[in-house]
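Pasting a structure below so you can have a look.
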Amino acid sequence: MRLSIRLVCLLLAALLPANPVRADDLGAAVARINNSAGAFCSGILLTRRIALTAAHCVFNPRVNRWLPAEAIHVLLGFDRGAYAFHTVATAYRTDPLYDPSRPIETLARDWALLELKTKAPPTIALPQLADEPAAGEALMSLGFARDRPYRLGRSDACARLPRAPLGLIATDCRAPHGFSGGPLTARTTGALVGITVAGEETGRSGLAVPVSAWRAVLDEMSRLARTSEDLRRP
């Protein structure tokens with residue numbers, strides 16, 4: 001009997017994700033994205049070398065140009081001016097179909113994957129990636145709001161709405177200015193389901209780009225990063 005119970009426990013351990021990251025634990029992986037144009041957005045660390053934000057956060061509308069990678073600063077653990085980790089981007093990838101001159105029409109392509117100059121510390125818990133949430137599923141959005149830029153904010157009493165523009169997730173999560181690029185997570189598991197890219201003027205609801213929009217590019221960048229590190233090893 002004891003053997004049977006132990007076998008069941010081992011099988012459950014194999015099926016369940018190891019140390020799943022809860023939504024409340026994601027704070028350390030949420031980035032404040034600063035740039036040389038004087039603006040800021042939010043973002044999320046995906047791997048030790050790759051972070052994610054919104055594409056419109058790496059575009060300078062004043063001069064109608066994409067920002068150089070080194071002008072994009074990634075800060076983790078940001079709180080009232082202090083931070084636990086800082087690095088800059090060395091390169092970034094955006095969806096070739098995203099058009100900053102037509103941001104509304106190409107909103108479902110509004111993402112940017114940043115390659116980081118310095119690896120983030122292994123003590124920071126990384127989010128798991130998940131499929132799109134079902135209508136009504138409990139969600140949480142996190143980010144640095146323009147009206148409270150020095151502290152990480154969150155909206156956790158919200159859910160997915162049943163209707164959304166094609167390729168986007170509509171929620172009643174708070175999405176104020178500054179939350180762009182910040183994570184949208186499943187409240188029960190902490191899994192990342194998308195990033196906030198827009199909100200209504202009141203900031204009381206938002207639109208998010210799902211994981212499926214950029215996951216293939218993330219996988220490709222991760223493979224290239226691993227190959228590059230292998231080549232550098234003696």
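The values are calculated or read from the model by the stated rules, or taken from the named source; none is laboratory data. Treat the numbers as computed from the prediction; the structure is a model and nothing was measured. Here the Cβ is made from the backbone with ideal geometry for all residues, glycine too, and neighbour counts use every protein chain on show.
Determine whether segment 186-206 contains at least one residue that is over 13 Å from the mean Cα position of the chain (by Cα) and buried (at least 24 other Cβ atoms within 10 Å of the Cβ).
Among the residues of segment 186-206, at least one is over 13 Å from the mean Cα position of the chain (by Cα) and buried (at least 24 other Cβ atoms within 10 Å of the Cβ), which makes the answer yes.
Look through segment 149-167, keep the residues that are closer than 21 Å to residue 104 by Cβ and within 19 Å of the chain's Cα centre (by Cα), and return whichever of them is surrounded by the fewest Cβ atoms within 10 Å (Cβ to Cβ).
167
Looking at segment 124-146, which of its residues are free of Cβ contacts under 8 Å to residues at least 60 places away in the same chain and out of contact with any Gly (no Cβ under 8 Å at 6 or more places or on another chain)?
Passing the criteria: 134, 135, 136, 137, 138, 139.
If you go through segment 127-171, how many residues are acidic (Asp, Glu) and at pLDDT 95 or above?
Summing the residues that are acidic (Asp, Glu) and at pLDDT 95 or above in segment 127-171 gives 1.
State which residue pairs qualify: first residue not assigned by TED's automatic domain parsing to the domain that holds residue 170 and acidic (Asp, Glu) and inside segment 96-112, second residue assigned to a loop (DSSP other than H, G, I, E, B) and surrounded by 18 or more Cβ atoms within 10 Å (Cβ to Cβ) in any location, beta carbons under 6 Å apart, and separation of 6 or more residues or different chains.
Pairs found: 110/54; 110/98.
Something else about it: Tell me yes or no: at least one residue of segment 187-197 is at pLDDT 95 or above and either assigned by TED's automatic domain parsing to the domain that holds residue 78 or among the small types (Gly, Ala, Ser) (or both).
yes
Does segment 128-144 hold any residues that are small (Gly, Ala, Ser), in contact with a Ser or Thr (Cβ under 9 Å, 6 or more places away or on another chain) and surrounded by fewer than 24 Cβ atoms within 10 Å (Cβ to Cβ), and which are they?
Matches in segment 128-144: 130, 138.
When residue 25 is evaluated against the numbered criteria (1) over 24 Å from residue 216 (Cβ atoms); (2) acidic (Asp, Glu); (3) modelled with pLDDT of 95 or more, which criterion, by number, is the only one it fails?
Condition (3) is where residue 25 drops out.
Okay, moving on. Could you check segment 36-126 for strands (runs of 3 or more DSSP E) lying wholly inside it with 1 or more residues that are modelled with pLDDT of 95 or more, crowded, with 17+ Cβ neighbours inside 10 Å and of a type in the set (Val, Ile, Thr)?
40-45, 50-53, 72-76, 85-94
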